[in-house]
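Below: one structure, written as structure tokens.
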Amino acid sequence: MRRLVIGTRGSRLAITQTEMVAAGLRAAVPDLEVGVEIIHTKGDKILDVPLALVGGKGLFVKEIEEALLDGRCDLAVHSLKDVPAELPEGLVLGAALVREVAYDAFVSRQWHCPRSLPQGARVGTSSLRRQALLKAMRPDLDVVSLRGNVETRLRKLDEGLDAIVLAAAGLRRLGLSERIAAFLTPPEFVPAAGQGIVVVENRETDTEVGDLLHLALEHAPTRIVMRAERAFLSAMGGGCQVPLGAFARIEGEAILMVGILGRPDGTDLRKVDFEGTRDAPEALGRQVAQALLANGGQAILDELEGNQG
């Protein structure tokens, strides 16, 4: 096996996740040489604008995928929730690693959950989905845009916010579990599709690499729920610009899935859940999306897209 170069973002979390991938590859092929190429994405460069206003899909992956396609790297490591539902032609998700905790984390110096916050408390988050869910729970909260890596967000909390909400998986992977005051869990607080999953992207024609990824890193149950959640995302056509969430979990031979869509101010939050079979995850994802759209979701999407236009 030749030397493999992994493309990744440069944050501490991205590097940690890349090291997880490299360790798995070396465990499978002990003499494998693994290099790392740090690539700065549009989402990393524009930090003074809320994600929903930056626009476009693939803000944290596009430049890495371009490096993959032109041969500067052989693999790309992503947080799945950053990967658009449709991949560029010629690229595939060759491995889905075992899912970390998929939930959002409530982080505060003195408050133990959103309901315990004082009236009008200031809560920072980077996503419209989290904003909508927080406002649905507590309409009085002052939800402020919070961009940057995990360490930056924690620093801004320590500098004066009452609380922040971010993915629990990132905190856990960075050894910062002690900062988590509470997990925000479904069905009340639904995570982003793919949250907590690290994936490795590779060129479809590079079958040797694909075989290695499957052998060394692939986690079959994670792949199943990933397929359901990405089918949901594809059917909804949504990204960072709308408050959208989905979460699937396996119970025996069944998959249970919940999807949500609402307005950013937390009003008119629509939620549906269905059960499917683990051998047809895409069908379940599409069923949840179609039910959500039929249950008022399409009108919300049309309104939000009209406002953006």
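Values as computed for the structure displayed
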quantity: Cα-only Debye scattering, region 233-308: base-10 log of I(q)/I(0) at q = 0.15, 0.18 Å⁻¹; calculated: -0.49, -0.67
quantity: Mean Cα-pair separation over length for the chain, i.e. relative contact order, pairs under 8 Å, 6 or more apart, %; calculated: 20
quantity: R147, R129 arranged by Cβ crowding within 10 Å, fewest neighbours leading; calculated: R147, R129
quantity: Highest average packing first - 101-113, 220-232, Cβ atoms within 10 Å; calculated: 220-232, 101-113
quantity: Whole-number D in µm²/s for region 180-266 (Stokes-Einstein; Kirkwood sum over Cα pairs; 25 °C, 0.890 mPa s); calculated: 165
quantity: Label zone at S145, where the point sits 7 Å out along the Cα-to-Cβ direction: region 232-263 residues whose backbone N lies under 13 Å; calculated: 241
quantity: Using alpha-carbon coordinates, inclination of helix 281-292 to the longest axis of the chain, degrees; calculated: 20
quantity: Degrees, to the nearest 10: 220-236 long Cα axis against longest axis of the chain; calculated: 60
quantity: Summed side-chain charge close to G262 - residues other than G262 whose Cβ falls under 13 Å, Lys, Arg +1, Asp, Glu -1; calculated: +2
quantity: Volume of the Cα convex hull of region 104-184, divided per residue and given in Å³; calculated: 77
quantity: Calculated P(r) of the chain - Cα pairs past 35 Å, %; calculated: 17
quantity: Förster radius 22 Å - calculated FRET efficiency between R26 and A220 (Cβ-Cβ, nearest 0.05); calculated: 0.50
quantity: Highest average packing first - 198-206, 166-174, 118-126, Cβ atoms within 10 Å; calculated: 166-174, 198-206, 118-126
quantity: DSSP-defined antiparallel bridges as percent of all bridges, the chain, nearest 5; calculated: 70
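Every number here is computed from the coordinates shown, using simple stated rules; none is lab data. Just so you know, these numbers come straight off a predicted model, no measurement behind them. Counting neighbours? That spans all protein chains shown, and the Cβs are built from the backbone with ideal geometry, glycine included.
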